[in-house]
Amino acid sequence: MIKKMEHTAIIVGNMDETIHYYGDMFGFKVRLQGSTEKREMAFLYLEEQPGIEIELIRDIDPIGEYNKSGIVNHLAFTVEDINKAIQHYKNKGIEFLSSEPQPTLEGGRMILFHGPNEELLQLVERVKL
């Protein structure tokens, strides 16, 4: 039935700022961007994994208010070396929510931070077998 994860949607306040953030910080590219009377949307992807996308949504005329914490808990990105990644992103201005990576259930390490819309983001270093 289900073949793959398609995308994760993030509600954004400023579309251009968010596209720039994900492009500059992580290398995402825009596959499709457009709008209707009610919404502006963009789909971002990584060249290394084009089948999974981030959908950015900015409601021009919101139907109601979104929950500040959102429905999706976080968006995670795999990195090869978490210590190098932390230093790289600190140099780009990211402030992490902890001073050190935390252990994952599988024995890897992870660290959390916020994106430009207060979405919770995570870097994950998987266990090397």
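Quick one: how many lysine pairs does the chain have with C-alpha atoms less than 21 Å apart and a gap of 8 or more or different chains? Give me the count, please.
Lysine pairs satisfying the spacing and distance rule in the chain number 5.
Amide H neighbours of E53 under 5 Å, counting only residues 5+ apart in sequence or on other chains, H built in-plane at 1.01 Å?
Here the answer is H7, T8, since their amide H atoms fall under 5 Å of that of E53.
Can you give me the % of accessible surface on the chain that is carbon or sulfur? Probe 1.4 Å, all protein chains present, nothing else counted.
That fraction is 52 percent.
Shape of the stretch 1-43 from its Cα gyration tensor (a ≥ b ≥ c, root eigenvalues): rounded if a/c is under 1.5, otherwise prolate when a/b > b/c, or oblate?
Oblate is the answer for the stretch 1-43, as a/c is 1.5 or above yet b/c matches or exceeds a/b.
Leaving ligands, DNA and RNA out of it, work out the accessible area of D24 with a 1.4 Å probe and give it in Å² to the nearest 10.
For D24, solvent-accessible area is about 80 Å².
What longest region of the chain stays clear of GluC sites (Glu not before Pro) that DSSP places outside H, G, I, E and B and that have at most 15 other Cβ atoms within 10 Å?
Here the longest segment lacking exposed loop sites spans 7-36.
Under a 5 Å amide H to amide H cut-off, with H placed in plane at 1.01 Å, what residues pair with G108 once short-range neighbours are removed?
Under 5 Å from the amide H of G108 lie the amide H atoms of V127, each far enough along the sequence or on another chain.
Helix 15-26 against the longest principal axis of the chain: what's the angle in degrees, Cα atoms only, rounded to the nearest 10?
20 degrees
Using 0.36 nm times the number of residues separating H7 and I57, minus their current alpha carbon distance, what extension gain do you get?
Difference between extended and current length: 16.8 nm.
In the stretch 76-129, what trypsin sites (Lys or Arg not before Pro) fall in a loop by DSSP, with at most 15 other Cβ atoms inside 10 Å?
On the way: sites: K84, K90, K92, R109, R126, K128; in loops: K92, R126, K128.
Answer in residue order: K92, R126, K128.
Quick one: which residues, 5+ away or cross-chain, put their amide H under 5 Å from the amide H of T78? H built at 1.01 Å from N.
When sequence neighbours closer than 5 places are left aside, the close amide H contacts are V124.
Of the listed values [x] 25; [y] 10; [z] 65, grab the one calculated as percent of Cα pairs over 26 Å apart from the structure here.
The value computed from this structure is option [x].
Could you state the angle between the C-alpha long axis of helix 82-91 and the longest principal axis of the C-alpha atoms of the chain, as a value from 0 to 90 degrees rounded to the nearest 10?
So the helix axis and the longest Cα principal axis differ by about 50 degrees.
Considering only protein heavy atoms, with the full assembly of protein chains and a 1.4 angstrom probe, order L75, L105 by accessible area, largest first.
Output order, biggest surface exposure first: L105, L75.
Leaving out ligands, DNA and RNA but keeping every protein chain, what accessible area does L121 have, in Å² rounded to the nearest 10, with a 1.4 Å probe?
Accessible area of L121: about 0 Å².
Quick check on the chain: helices-only [θ] at 222 nm, where DSSP H runs of length 4 and up contribute -39,500 (n - 2.57) each and the sum goes over total residues. Nearest 500, please.
Computed mean residue ellipticity for the chain: -5000 deg cm²/dmol.
Which residue, V72, V30, V12, tops the fluctuation ranking in a GNM of the chain built on C-alpha contacts under 10 Å?
Comparing V72, V30, V12 in the GNM, the peak value goes to V72.
Over the chain, with the other protein chains present, what is the accessible area per residue in square angstrom, probe 1.4 angstrom?
69 Å²
Could I have the simple spin-label model distance between K38 and Q87, label points 7 Å from Cα toward Cβ, reported in nm to one decimal?
4.9 nm
The values are calculated or read from the model by the stated rules, or taken from the named source; none is laboratory data. Since the model is a prediction, treat every value here as computed from it, not as a measurement. In this analysis, Cβ positions are derived from the backbone assuming ideal geometry, glycine residues included, and neighbour counts consider all displayed protein chains. Heads up: the accessible areas ignore ligands, DNA and RNA and are worked out on the full protein's heavy atoms, side chains in. Shrake-Rupley method; radii C 1.70, N 1.55, O 1.52, S 1.80 Å.
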